[in-house]
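S.K.: Okay, here's the structure, questions in a sec.
The values are calculated or read from the model by the stated rules, or taken from the named source; none is laboratory data. Values in this document were obtained by computation on a predicted structure and should not be read as measured data. Cβ placement follows ideal geometry from the backbone for every residue including glycine, while neighbour counts extend to all protein chains displayed. We work out accessible area using only protein heavy atoms, side chains counted, and drop any ligands, DNA or RNA first. Shrake-Rupley method; radii C 1.70, N 1.55, O 1.52, S 1.80 Å.
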Amino acid sequence: MPYLFSNNAEATLANSLPSSSSDPDYNTIVITDADEGNTFLSPSEVPDGGQLATLTHPSLPGIYEVVRIRQHAYGATDFTVERGYELGAWAVQEWPIGTKMQARITAKMLRAFPQQDIGGMVVFTGSLSGSDDFAYGTRPVLRDQRGRITNGSPPTSQDTLFAPEVVGGSFAMDLGVAATWGSTTPYYGLAVVQPATPDGFQYFLDLRLGESRSQTNVTPAFDGTTSPTVAHDGNTPGNKDVGFWVPTALPIDVSASFDGNSKLVVTEVGFMAREVTAGDTPSVSIGTSGNPTKFVNNQALSQITGSNQVHRFPITAGGEMISSLRYVVNTAATGGVFRGRFYWRGFFLNDLE
């Protein structure tokens, strides 16, 4: 949702606001001063957006409710609002006359904006958010509506509701033989290791925000399960927790779904190799959970002959838009590492159905 903002917006309720959704005044706020109402913006400026407001009252200390302003005209004292917008129906309260309505910054509002992480940007939507990851949560989409109102007349110009093409990637993985974890060896973002005694998994380093490496004499508790184990920095005593070593089962067969109600039109997939010492080339398939060879069917990554190189698979075929991607290593490289990330490129179409 596009958010609207205004400075120091505040008003006082002239009516009580019921907590029962069956009450006819449930979604109506009336304030005491129209000039105060003018400090809030009209939702008509962004038809599918809105401004958030927080309700508080001195008789209810520590209690608040976030509402979304859906309708308000300049100079008017009435507002139509969506109740319990931030925390759901359980947060809806009965508010007395004199309640303050203020335009405050909220947690949900801040989570809608990209944030800087080590080596990239991330939106907190449950996606991987470690070092060098780039994840879209509130992703740019080509919406299923027009950018301008035509008033029923046939459009005579190109619709200006555009959407950018975006690039995303998998977490780090090794398509060859991952390096064995070593005591006091420094590991940074995109590091992938295996334990001294192979356990059927490789592990990628997912650093916490603000951390830059893991270097320690504390051997990680690799246990051969799908549970991550803590990554440390510093020697015993005095080492600290800096993130996790996250397991990937071997042979590699990983699926990842996109959050939200939107579909991806894929224009390119491939693999970005950061470190290559293997003596041969792996073969991979890339597709969806239901069709693992939709885009690439057991193809060798022959365009990669060394470190910091990429193999590209441009996609020209049409067909079903997707909501997930699946990466399969059909034949692993041998004799060394083949470490990097799968990537995809395309654009999202908003799914309103």
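S.K.: Within 10 Å, count the other beta carbons around each residue, average over each peptide in 298-306, 200-208, and list them highest first.
M.R.: So the order, starting with the most tightly packed, is 200-208, 298-306.
S.K.: Loop-only chymotrypsin sites (Phe, Trp or Tyr not before Pro) in region 52-105, please: DSSP not H, G, I, E or B, and at most 16 other Cβ atoms within 10 Å.
M.R.: Counting only loop positions with at most 16 other Cβ atoms within 10 Å, the chymotrypsin sites (Phe, Trp or Tyr not before Pro) in region 52-105 are Tyr74.
S.K.: Spin-label point model (7 Å from Cα, Cβ direction): what's the Gln303 to Glu165 distance in nm?
M.R.: Taking the two extended label points, one gets 1.3 nm.
S.K.: Hey, another quick one. Hey, can you rank 2-8, 278-284 by average C-beta count inside 10 Å, highest first?
M.R.: Packing proxy ranking, top to bottom: 278-284, 2-8.
S.K.: Give the long-range amide H neighbours of Arg70: residues separated by 5 or more places, or on another chain, with amide H under 5 Å away, using H modelled in the peptide plane at 1.01 Å from N.
M.R.: Here the answer is Thr80, Val81, Glu82, since their amide H atoms fall under 5 Å of that of Arg70.
S.K.: For Thr180 and Arg111, what is the calculated FRET efficiency with R₀ set at 30 Å and r taken between the beta-carbons, to the nearest 0.05?
M.R.: It comes to 0.20.
S.K.: Please arrange Ile105, Ile322 by accessible surface area, largest first, computed with a 1.4 Å probe and ligands excluded.
M.R.: The most accessible residue leads, giving Ile105, Ile322.
S.K.: Separate question: Expressed as a rounded percentage, what relative contact order does region 264-353 have, with Cα pairs under 8 Å and six or more residues apart?
M.R.: Contact order relative to length: 48 percent.
S.K.: Nearest 0.05, what FRET efficiency do Asn8 and Ser59 give at R0 = 30 Å with Cβ-Cβ as r?
M.R.: My answer for the efficiency is 0.80.
S.K.: Now a separate question. Return the loop-located GluC sites (Glu not before Pro) in region 242-348 (DSSP other than H, G, I, E, B) with at most 12 other Cβ atoms within 10 Å of their own Cβ; answer none if there are none.
M.R.: Glu320
S.K.: Still on this model: Determine the order of Val230, Val67 by accessible area, beginning with the largest, at a probe radius of 1.4 Å.
M.R.: Order by accessible area, largest first: Val230, Val67.
S.K.: Quick one: which of 22-31, 328-337 comes out on top by average Cβ neighbours within 10 Å, and what's the full order, highest first?
M.R.: 328-337, 22-31
S.K.: To continue, here is another question. Please report the carbon-and-sulfur percent of the accessible area for region 241-288; probe 1.4 Å, protein heavy atoms only, DNA, RNA and ligands left out.
M.R.: Answer for region 241-288 is 49 percent, counting heavy atoms of protein chains only.
S.K.: Still on this structure, please answer the following. Taking a probe of 1.4 Å, how large is the accessible area per residue of region 299-353, in Å²?
M.R.: Accessible surface, normalised per residue, equals 51 Å².
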